[in-house]
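Q: Could you have a look at this structure, given as structure tokens, before my questions?
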Number of protein chains: 2
Amino acid sequence: MPDASVKKPSRIQQRNRHTILEAALEVFSRHGYRGATLDQIASEAGLSKPNILYYFDGKADIHVTLLSQLMQTWLDPLVELNPDGDPVEEILAYVQRKLDMAQDFPRESRLFAGEILQGAPRMRPELEAHLKPLFNSKCALIRTWIAQDRLPPLDPRHLIFSIWASTQHYADFESQVSLLMDDSTNTFEGASKHLQAMFRSMLTR
Amino acid sequence: MPDASVKKPSRIQQRNRHTILEAALEVFSRHGYRGATLDQIASEAGLSKPNILYYFDGKADIHVTLLSQLMQTWLDPLVELNPDGDPVEEILAYVQRKLDMAQDFPRESRLFAGEILQGAPRMRPELEAHLKPLFNSKCALIRTWIAQDRLPPLDPRHLIFSIWASTQHYADFESQVSLLMDDSTNTFEGASKHLQAMFRSMLTR
DNA sequence: ACGAATTTTTACCATTTGGTAAAGCTACGA
DNA sequence: TCGTAGCTTTACCAAATGGTAAAAATTCGT
């Protein structure tokens with residue numbers, strides 16, 4: 001017997017929930033949780049405010065739903081770190097994947113950044129449940145690589161922090177970066193070269 | 001004849017404006033601009049809301065004043081980059097100063113991060129006027145070091161971004177860092193070792 | 001085509017919040 | 001000590017905002 005408390009969503013439900021989440025991503029990522037209003041989200045989605053509240057239990061529900069859905073996508077590049085590959089190339093590929101995400105999904109990056117910046121008030125359980133175990137398992141993997149002398153001795157935790165920080169910077173601080181970068185040069189191309197060189201030099205001794 | 005539009009502030013003025021800014025730093029850095037309320041700031045400062053508005057022209061005025069005052073402190077470590085020193089040691093010392101600031105002034109770091117994250121709506125003129133010229137001048141300095149073969153060829157802009165990102169990360173994403181770091185190890189000590197090693201390896205080729 | 005279920009709109013509401021007017025209090029120079 | 005300028009409080013207000021009730025419209029299975 002199927003779960004009676006969950007009915008399969010109609011086509012309209014699917015479409016509208018998706019529209020709302022897309023609009024909310026736009027608005028939340030630009031103005032933060034408190035700075036975003038339901039009216040803005042409704043207007044961006046082309047729906048009325050009460051209609052939005054027909055699909056979600058409230059502002060916080062929309063925010064949490066967004067964050068939860070994004071968590072998967074966000075952790076994927078780290079999941080792909082392959083124990084059977086070459087350590088240096090694996091980590092450099094991870095750096096590149098993270099930089100690509102900053103380029104392709106800046107709104108998602110800023111949404112996360114805003115939430116973490118305020119102390120992760122709505123996302124902490126999600127972080128404990130998904131980020132923390134993955135982080136620890138990949139740290140362990142890097143430690144085995146170090147033990148096998150395939151990487152120089154370093155603290156995997158700070159290595160990962162450096163990767164996160166230096167790649168996401170291009171999305172999260174985009175307004176500053178674009179202010180300081182010459183418009184004539186491709187920011188992400190230069191960033192890729194720089195970061196690849198930086199991490200390669202550190203990982204190859 | 002002294003400027004008639006500016007009277008010297010009384011002792012009470014000085015004390016209360018300082019108290020308000022300190023309270024505002026606490027509240028703005030925790031909740032962001034929109035998330036902070038005048039009531040919170042007033043309560044934190046131990047003053048009434050109308051009394052706060054006696055000293056400042058409004059919420060935005062407090063925020064802008066804070067940001068402007070902080071700009072100086074924030075840029076100091078970069079100003080200290082000495083053209084006459086050894087390039088590698090100068091840059092590594094800069095990395096350490098930035099990391100020390102993340103440790104000693106996390107609220108200031110988060111205040112800036114929040115403002116930049118939202119596109120610097122209130123700070124852009126300040127950034128244009130102070131950050132941009134300093135950034136460009138220090139980039140030029142690094143380029144001369146490279147031209148003298150005292151540093152490997154690299155893009156100074158991305159180098160500086162990497163330094164900013166990887167050091168401020170420990171303040172701005174503190175909630176995530178503390179979630180993932182073992183409590184038994186000193187985060188900033190480990191970060192310092194890691195970042196010094198990383199940038200040294202890159203700068204010494 | 002018809003009735004039931006789903007979706008959308010209209011008309012509200014209570015709270016929060018940035019801000020103000022004006023009266024009252026305090027410090028301080030003459 | 002007295003008057004004035006500077007400081008603080010009380011009592012408000014208008015707008016914004018998250019949210020709701022219920023009627024109206026639409027969709028969909030039969």
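Q: Hey, which of the helices (runs of 4 or more DSSP H) in the range B:1-107, taking only ones fully inside, have at least 1 residues that are at pLDDT below 95 and outside the structural domain of B:Ser162 (by TED's automatic domain parsing)?
A: B:11-35
Q: Another one. What are the residue pairs meeting all of these: first residue in the range B:113-136, first residue under 14 Å from A:Gly35 (Cα atoms) and outside the structural domain of B:Thr73 (by TED's automatic domain parsing), second residue open to solvent by 70 Å² or more (accessible area, probe 1.4 Å) and in a helix (DSSP H, G or I), Cβ atoms under 9 Å, and 6 or more apart or on different chains?
A: Within 9 Å, no pair qualifies.
Q: Right, something else. If I ask for residues that are within 30 Å of A:His158 (Cα to Cα) and over 13 Å from the mean Cα position of the chain (by Cα), which ones from the range B:84-104 would you list?
A: Answer for the range B:84-104, where residues must be within 30 Å of A:His158 (Cα to Cα) and over 13 Å from the mean Cα position of the chain (by Cα): B:Gly85, B:Asp86, B:Pro87, B:Val88, B:Glu89, B:Glu90, B:Ile91, B:Leu92, B:Ala93, B:Tyr94, B:Val95, B:Gln96.
Q: All but one of (1) over 17 Å from the mean Cα position of the chain (by Cα); (2) within 8 Å of chain B (Cβ to nearest Cβ); (3) free of Cβ contacts under 8 Å to residues at least 40 places away in the same chain hold for A:Thr187; state the number of the condition that does not hold.
A: Failing condition for A:Thr187: (2).
Q: Please count how many residues of the range A:96-112 are within 16 Å of B:Phe173 (Cα to Cα) and free of Cβ contacts under 8 Å to residues at least 40 places away in the same chain.
A: Final tally of qualifying residues: 0.
Q: Follow-up question, since we're still on this one. Which condition from (1) within 13 Å of DNA strand C (Cβ to nearest atom); (2) more than 16 Å from the chain's Cα centre (by Cα); (3) not hydroxyl-bearing (Ser, Thr, Tyr) is the one that B:Val64 breaks?
A: Result: B:Val64 fails condition (2) only.
Q: Kindly provide the set of residues from the range B:139-151 that are open to solvent by 20 Å² or more (accessible area, probe 1.4 Å) and closer than 19 Å to A:Ser201 by Cα, ordered by number.
A: B:Ile146, B:Asp149, B:Arg150
Q: List, please: which pairs have Cβ atoms under 8 Å, are six or more places apart or on different chains, and start with a residue in the range A:154-165 that is more than 7 Å from chain B (Cβ to nearest Cβ) and in a helix (DSSP H, G or I) and end with one that is of a type in the set (Lys, Arg) and open to solvent by 10 Å² or more (accessible area, probe 1.4 Å)?
A: A:Pro156/A:Lys138; A:Pro156/A:Arg143; A:Ile160/A:Lys138
The values are calculated or read from the model by the stated rules, or taken from the named source; none is laboratory data. The structure presented is a predicted model; accordingly, all values stated were derived computationally and were not measured. Here Cβ is always computed from backbone atoms with ideal geometry, including for glycine, and neighbour counts include all displayed protein chains. What goes into the accessible areas is simple: the full protein's heavy atoms, side chains included, and nothing from ligands, DNA or RNA. Shrake-Rupley method; radii C 1.70, N 1.55, O 1.52, S 1.80 Å.
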